[in-house]
Amino acid sequence: MADRLFSGFFSDFFSMVGVTDSIRVTLVMSFWSVLISSVLGVLLGLLLQRAQFAGKRIVVRLNRTLMAAPPVVIGLFSYMLLRNKGPLGMLEWVFTIQGMVFAQVLIITPLICGLIHSYAERIAPAVYAFAKTMGATERQTRWLLLREMKNEVYFAVVTGYGRSISEVGAVFLIGGNIKNSTRTMTTTISALKSAGDFEAGIFLGVLLMIMAFIIQCLADHFRKEDTPDEDD
């Protein structure tokens, strides 16, 4: 009896209009957001650690401020940039997945950049000293530093992914929460709560957590494959 009830609920849940599309939008948005933010965040974090210039402390503090910036504020800023009268209005990204990715990149990049910069500050002096004694070139030294930080880079990317899939405010503002188009799993949960459908909202939330767990396990699996002697 319980199996039949669960099966019926499961079937009804996925037959709801917009649920499957919200899963698709979440996966597409989070993939591109994290990919772009990871590349930018790692490069900027390493550059910020390496570069010496006047006002560097202010830049570091500004980045740390952006790491904790309310996503809804970033969403509003993104909307002002992308709206028709904004400086990036020609892109026509308002109420699109591209616009949501744009907002999320602004949210996640400072987070990854700050983490990478913090890690690099701790280990870079020792790596540079070792590379110098070995006669390594500048390019080889940067590559060695990145290899020594592979676990920290992995953690920063996973943290960025967690920020991406949990976001509500920014994607709501820039995406418009349009059913079958820009509605994500988190904004769908919010809509289900407003409609009083708490069971479906909880089920979708659990599904979102399972997806995050699976992706984290896959990332961890590939990381261990790349470093097979880590557990020896």
Exercise. D21 passes all but one of (1) assigned to a helix (DSSP H, G or I); (2) under 17 Å from the mean Cα position of the chain (by Cα); (3) at pLDDT below 95; which number fails?
Worked result: (2)
Problem set entry | helices (runs of 4 or more DSSP H) fully within the stretch 127-201 counting 2 or more residues that are among the polar types (S, T, N, Q) and in contact (Cβ under 8 Å) with a residue 12 or more places away in the chain | 150-165, 185-194
Problem set entry | Filter result (among the acidic types (D, E) and closer than 20 Å to E167 by Cβ) within the stretch 73-94 | none
Exercise. Among the candidates V206, V158, V168, which residue alone is buried (at least 16 other Cβ atoms within 10 Å of the Cβ) and more than 28 Å from K56 (Cα to Cα)?
Worked result: V168
Exercise. If you check R147 against the conditions, is it closer than 18 Å to I112 by Cβ and among the charged types (D, E, K, R)?
Worked result: yes
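The values are calculated or read from the model by the stated rules, or taken from the named source; none is laboratory data. Please read these numbers as outputs of a predicted model, since none were measured by experiment. Neighbour counts are summed over all protein chains in view; Cβ atoms, including those assigned to glycine, are modelled from backbone coordinates with ideal geometry.
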